[in-house]
Amino acid sequence: MEKIRIKELIEFKRKSSDKSQKSFANNLKNRKIKEKKKEDKNTGGDYWVQSSSCIQNVFKFNDTKFYEEKISDVLNQIDASEVEKTKSRFAKNIKILSNFKDFDLLDLRPKETINFETIHKEFNVIDFQGLPLYINPNLIFSFEKNGKKQLGGLYLVAQINGFKKSELGVFCEVLYNYLIKNYAQDYQISTKYCIAIDTFDAKKVSYQDLLNGEIPFLLESILLDIKNS
């Protein structure tokens, strides 16, 4: 079975009728596994790469200087491009970065010294209720608190018009399960620092928010509905 991206879970949840949900679920469950192909350099890559890579660097290196540097760089790319779609994409990335200058990203880092762990691509598909879920976290980091080795993760997601906070919670749920499955034998997984951020709307959800009842748990019910459709 082909891996299921979290955005596809959200897309399924947003379907307005049982018929459209059933059709979408059948497509997810019956599509063939895609063969791995060499990356095509002409495809344009990740639409949000300029903003997401910059936000990742701000968090990783604990320094907001990357915002202005990247904005300046992307402005130069806009001037150099003659393709209107490319200019529009760059402009959207600049808008995200401009908004993030007022977002307290660095407050989401542990105060303790942190080490960034290698993210192994072979771990990016996890089995959850018999369905293969694909997750591609941006950063996994460890730190020590009260004598215990703890682990957190940062997952940056974006799409036009963003996500509802309840939908962002689904990304956070998958991230937490990913950390539990792959790292719990060596670390205590931090619910506070298991974080998903919607970069388009500059909002965040931590797994602790779900435990506190501020955000609903939706993952299991979505997967059950997909399996039963």
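Over 31 Å apart at the Cα level, from the set K19/K92; K164/K192; K95/K227; K95/K148, are K19/K92; K95/K227; K95/K148. Assuming R0 = 45 Å, what is the FRET efficiency of Y47 and N146, from their Cβ-Cβ distance, to the nearest 0.05? Using R0 = 45 Å, I get an efficiency of 0.65. The 3J(HN,Hα) values that the Karplus relation (6.51, -1.76, 1.60; θ = phi - 60°) gives for region 169-186 are, in residue order, x, 5, 4, 5, 4, 5, 4, 4, 5, 4, 5, 4, 5, 9, 10, 5, 5, 10 Hz. Gly and Pro appear as x. The amide H of Q150, built 1.01 Å from its N in the peptide plane, has F143, E144, K145, Q188 as neighbours under 5 Å, considering only residues 5 or more places off or on other chains.
3J(HN,Hα) couplings calculated from phi for region 202-210 with the Karplus curve 6.51 cos²θ - 1.76 cosθ + 1.60 (θ = phi - 60°) are, in sequence order, 6, 9, 9, 9, 9, 5, 5, 4, 5 Hz; Gly and Pro show x.
For region 1-112, the Cβ-based charge dipole about the Cα centre amounts to some 960 debye (Lys, Arg positive; Asp, Glu negative; other atoms uncharged).
For region 135-148, the Karplus equation 6.51 cos²θ - 1.76 cosθ + 1.60, evaluated at θ = phi - 60°, returns couplings of 9, 10, x, 7, 9, 10, 9, 10, 7, 10, 9, 6, x, 10 Hz by residue, with Gly and Pro reported as x. Ordered from highest to lowest accessible area with the whole protein assembly present and a 1.4 Å probe, Y207, Y178, Y47 read as Y47, Y207, Y178.
Taken per residue, the accessible surface of region 160-229 reaches 42 Å², heavy atoms only and a 1.4 Å probe. Amide H neighbours of D201 under 5 Å, at least 5 residues apart or on other chains, H built in the peptide plane: list them. Close amide H contacts, sequence-distant or interchain: F163.
Taking the Cα centre of region 136-185 as reference, the dipole from Cβ charges on Lys and Arg (+1) and Asp and Glu (-1) amounts to some 140 debye. Given +1 at the Cβ of Lys and Arg, -1 at the Cβ of Asp and Glu and no other charges, the dipole of the chain around its Cα centre is 680 debye to the nearest 20. When P(r) over Cα pairs in 5 Å bins from 0, in percent is calculated directly from the model, which label among (i) 1, 6, 13, 16, 18, 17, 14, 9, 5, 1, 0, 0; (ii) 1, 6, 11, 12, 10, 8, 8, 7, 7, 6, 6, 5, 4, 3, 2, 1, 1, 0, 0, 0, 0, 0; (iii) 1, 7, 12, 16, 15, 12, 10, 8, 6, 5, 3, 2, 1, 1, 1, 0, 0, 0, 0 fits? Only one listed value fits the structure, namely (i). Of the residues S221, Y193, V174, the one whose Cα sits farthest toward the positive end of the charge dipole of region 111-229, with +1 on the Cβ of Lys and Arg and -1 on the Cβ of Asp and Glu, is Y193. Comparing I189, I197, I33 in a Gaussian network model of the chain, where Cα atoms under 10 Å apart are tied by springs, the biggest mean-square fluctuation is seen for I33. Helical content alone sets the calculated 222 nm signal of the chain at -14000 deg cm²/dmol, taking -39,500 (n - 2.57) per DSSP H segment of four or more residues and averaging over every residue. For K227, the accessible area of its heavy atoms, probed at 1.4 Å with every protein chain present, is near 100 square angstrom.
The values are calculated or read from the model by the stated rules, or taken from the named source; none is laboratory data. In this text, all values refer to a predicted model and were calculated from it rather than measured experimentally. When we count neighbours, we look across all protein chains shown, and the Cβ atoms used for this are built from the backbone with ideal geometry, even at glycine. All accessible areas refer to the heavy atoms of the entire protein, side chains included, with ligands and DNA or RNA removed. Shrake-Rupley method; radii C 1.70, N 1.55, O 1.52, S 1.80 Å.
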